[in-house]
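The values are calculated or read from the model by the stated rules, or taken from the named source; none is laboratory data. Quick caveat: nothing in here was measured; it's all calculated off a predicted structure. FYI the Cβ positions are ideal-geometry reconstructions off the backbone, even for glycines, and counts take in every protein chain you see. To get the accessible areas, we keep the full protein, side chains included, count just its heavy atoms, and leave off ligands, DNA and RNA. Shrake-Rupley method; radii C 1.70, N 1.55, O 1.52, S 1.80 Å.
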Amino acid sequence: MLVLFETSVGYAIFKVLNEKKLQEVDSLWKEFETPEKANKIVKLKHFEKFQDTAEALAAFTALMEGKINKQLKKVLKKIVKEAHEPLAVADAKLGGVIKEKLNLSCIHSPVVNELMRGIRSQMDGLIPGVEPREMAAMCLGLAHSLSRYRLKFSADKVDTMIVQAISLLDDLDKELNNYIMRCREWYGWHFPELGKIISDNLTYCKCLQKVGDRKNYASAQLSELLPEEVEAEVKAAAEISMGTEVSEEDICNILHLCTQVIEISEYRTQLYEYLQNRMMAIAPNVTVMVGELVGARLIAHAGSLLNLAKHAASTVQILGAEKALFRALKSRRDTPKYGLIYHASLVGQTSPKHKGKISRMLAAKTVLAIRYDAFGEDSSSAMGVENRAKLEARLRTLEDRGIRKISGTGKALAKAEKYEHKSEVKTYDPSGDSTLPTCSKKRKIEQVDKEDEIIEKKAKKAKVKVKVEEEEVLMVEEEETSVKKKKKKDKKKHIKEEQLSEEEPCTSTAIPSPEKKKKKKKKKDSED
């Protein structure tokens, strides 16, 4: 039996000397403890060496794909067909291809795997003529080449250029803003009205570069830069301008600054085109999903496209809002819903109510696009276009509220209400800025008089109520006093009647009452 063994240096075909020992699979490793023992089991019959790393890479990529390389085909035809022996292979798929194309019987079993492991452990002793240092160097070179091949590495797909380009673009924007602000402020002392008439910064600098001093606007032709109406307005403003006079040296310095602004602006447009082309070459699907600027910023923030591909969708969603995230976690508040992805066009055209939902869905689809661009073999943007169409359809359903609901009879579409965009942005109330009274003094005086009249009426009503209550209390008191007086009069009358009744027996001869008799008896008894 012959054994096909692939190394980073070349193809090796071994002849099995003692096939009986192969039957003991568990103890086969003992036969490969030393090179001497290994040489008693297998012997090198043929070794086909690779010329360079490129040839080795081509051979191994063919083996990984289950194909036969031209060099391997020649070796098998030359050595194995002549020997008329079965061939042991490590890959069953490769054995099937060899059997189909070359009509050779191939063996793949656990015994063959153990045999391959033993040969690999004593490879230096079994393959003469190959130094260990050369073998290690070829292994390292082939590993790097295979990694690049598997990732489809090429000079066009170097994402370092994107990182540098987007960083430079941001720096240019900052410098341009500073330069233009300085230019407007500087020339504004001489011709302040021009800044209000021309709002575009580049056109403003080109007008300055072409005309210079304010006096030259009357004779200057600005039809190439400005419309006729604006040009007429500029010339009219130049005649009645309130600006101060400046020297020629000042005008020269201002014109030099304008030249710098125009050159930087032109370079920025060129750099933006370069970034667009590079993004379409490296990450076409990401560019379709979120745009070249947002995609480039995501790659720059992660460091590279491969690092970005390792992030989860939730991480990509809040990438760029790390400070807000940790501040929210520290203070136990709501975490941010979006970071750099907020500037994507899909999130921008969504209403504030659905921004979080769309940013989450966009992050999930963007991660798929990133991984497809980083590890995929195809360089087309078909997947990005398809996913973007799905997101746009989902956005329309959210905005139109066309959500399915379950009714009594089954599923039915809910009636889509007419969409009315209600802005949640609060408008500024300028009424609080002024400290002056909003109404005239006459109105205020009339209002004060009315209020005083109302207060007086209320006070009069309260006084009337108090008087009525006091009168009621007095009436009650008078009634009580009259009742008491009547009682006193009755008592006095009763007392007078009693006195009159006592005086009557003394003057008349009437019979004394029994009560008086009792009193007389008591007096007599006491005297006795």
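Placing +1 on the Cβ of every Lys and Arg and -1 on the Cβ of every Asp and Glu, with nothing else charged, gives the range 283-400 a dipole about its Cα centre of roughly 780 debye.
For the range 283-400, what's the relative contact order in percent, using C-alpha pairs closer than 8 Å and at least 6 residues apart? Relative contact order comes out at 38 percent. Computed with every protein chain present, the accessible area of Trp29 is close to 140 Å² [probe 1.4 Å]. Accessible area of His354 (1.4 Å probe, protein heavy atoms only, ligands and nucleic acids ignored): about 20 Å².
Label reach from Ala364 (point 7 Å along Cα→C-beta): in the range 314-344, amide nitrogens under 18 Å belong to 314-319, 337-339, 341-342. Counted residue by residue at 0.36 nm each, then reduced by the alpha carbon distance between them, the extension gain from Ala312 to Lys49 reaches 90.2 nm. Share of carbon and sulfur in the accessible area of the range 2-151 stands at 52%, probe radius 1.4 Å. His343 exposes around 140 Å² of accessible area when a 1.4 Å probe is run over every protein chain in place.
On a C-alpha basis, how far is the centre of the range 1-51 from the centre of the range 169-236 in Å? Whole number, if you could? Computed from Cα coordinates, the inter-centre distance equals 84 Å. For the range 74-181, the alpha carbon convex hull comes to 204 Å³ per residue, rounded to a whole number.
Computed from phi, the 3J(HN,Hα) profile of the range 220-225 under the Karplus parametrisation 6.51, -1.76, 1.60 (θ = phi - 60°) reads 7, 9, 10, 5, 6, 9 Hz, with x in place of Gly and Pro.
Shape analysis of the range 2-151 yields a ratio of the Cα radius of gyration to the Kirkwood radius, Rg/Rh, of 0.95. A cut-off of 5 Å between modelled amide H atoms, ignoring neighbours fewer than 5 places along the same chain, links Cys106 with Leu87. Histogrammed with a bin width of 5 Å, the alpha carbon distances of the range 212-368 distribute as 1, 8, 12, 13, 12, 8, 6, 7, 8, 10, 9, 5, 1, 0 percent, first bin at zero.
Solvent-free Debye calculation, one equal scatterer per alpha-carbon of the range 283-400: log10 I(q)/I(0) at 0.18, 0.19 Å⁻¹ equals -0.89, -0.97. Of the peptides 280-286, 204-210, 325-331, the order by per-residue mean of other Cβ atoms within 10 Å, starting with the highest, comes out as 280-286, 204-210, 325-331. Lysine pair count for the range 283-400 with Cα-Cα distance under 25 Å and sequence separation of 8 or more or different chains is 25.
With θ taken as phi - 60° and the Karplus curve 6.51 cos²θ - 1.76 cosθ + 1.60 applied, the whole-hertz 3J(HN,Hα) list for the range 15-29 is 10, 7, 7, 10, 7, 5, 6, 6, 5, 8, 6, 5, 9, 5, 5 Hz, x standing for glycine and proline.
In the range 237-292, one over the average inverse separation of all distinct C-alpha pairs is 14.9 Å, which is the Kirkwood hydrodynamic radius. Between Glu185 and Glu239, the C-beta separation translates, for a Förster distance of 22 Å, into a calculated FRET efficiency of about 0.45.
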